[in-house]
Structure formats: structure tokens, C-alpha cells
1. How far is helix 34-60 tilted, in degrees, relative to the longest principal axis of the Cα atoms in the chain, given as a value from 0 to 90 rounded to the nearest 10?
2. Between ILE7 and SER65, what is the FRET efficiency for a Förster distance of 25 Å, r being their Cβ-Cβ separation, to the nearest 0.05?
3. On a 0 to 90 degree scale, rounded to 10, what angle separates helix 3-29 from the longest Cα axis of the chain?
4. What Kirkwood Rh does the chain have if only Cα atoms enter the pairwise 1/r average? Answer in Å.
Amino acid sequence: MSTFQQIAGALGTAIAVSSIIGMQNYMSSDGANEPLALIAGVQGSFLFSMVIVAIGFVLSFFIKSSSPCK
């Protein structure tokens, strides 16, 4: 595993956890109880991750293949 993959994985995890906590705090400030606020945060994080994966999937069709090494 390269260093870039490790950094990207750590960054993705940090963004996911931050979005969970952010949504949880937002829902808690609106008066939702803690378990429901946490569930809303996790759902928001999964939605965000799904959008990023969909964008990556679409962009993967535009990657040009290179000639194989000999």
C-alpha cells in the first residue's frame, strides 16, 4: 500500500467522522434526542460517501488506458 493510499484513507475517515459529528450537533441543537441525532449523522455521512463514490465511478470512464509495459 502506498503512502498516498494511506493518507487518502485517513483523510476520508476524518471527513466521514467530522460529518457525523457535525450533523449530530446540528440535530441536537434542533432538539432531537442523542440517538436520533447520531442516526441522522451516520445517514448523512453515508449519503456524502455515496455521492463521492458515484462521482469517482463516472470519472473512471474517462481514464485513458496506457500501453502495457514489456
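The numbers here are math on the coordinates, done by the rules we state, and not lab data. Computed from a predicted model, the values in this text were never measured in an experiment. Glycine also receives a Cβ, built like all others from the backbone with ideal geometry; neighbour counts cover every protein chain displayed.
1. For 34-60 against the chain, the angle is about 20 degrees.
2. 0.45
3. Orientation of helix 3-29: about 20 degrees from the principal axis.
4. 14.4
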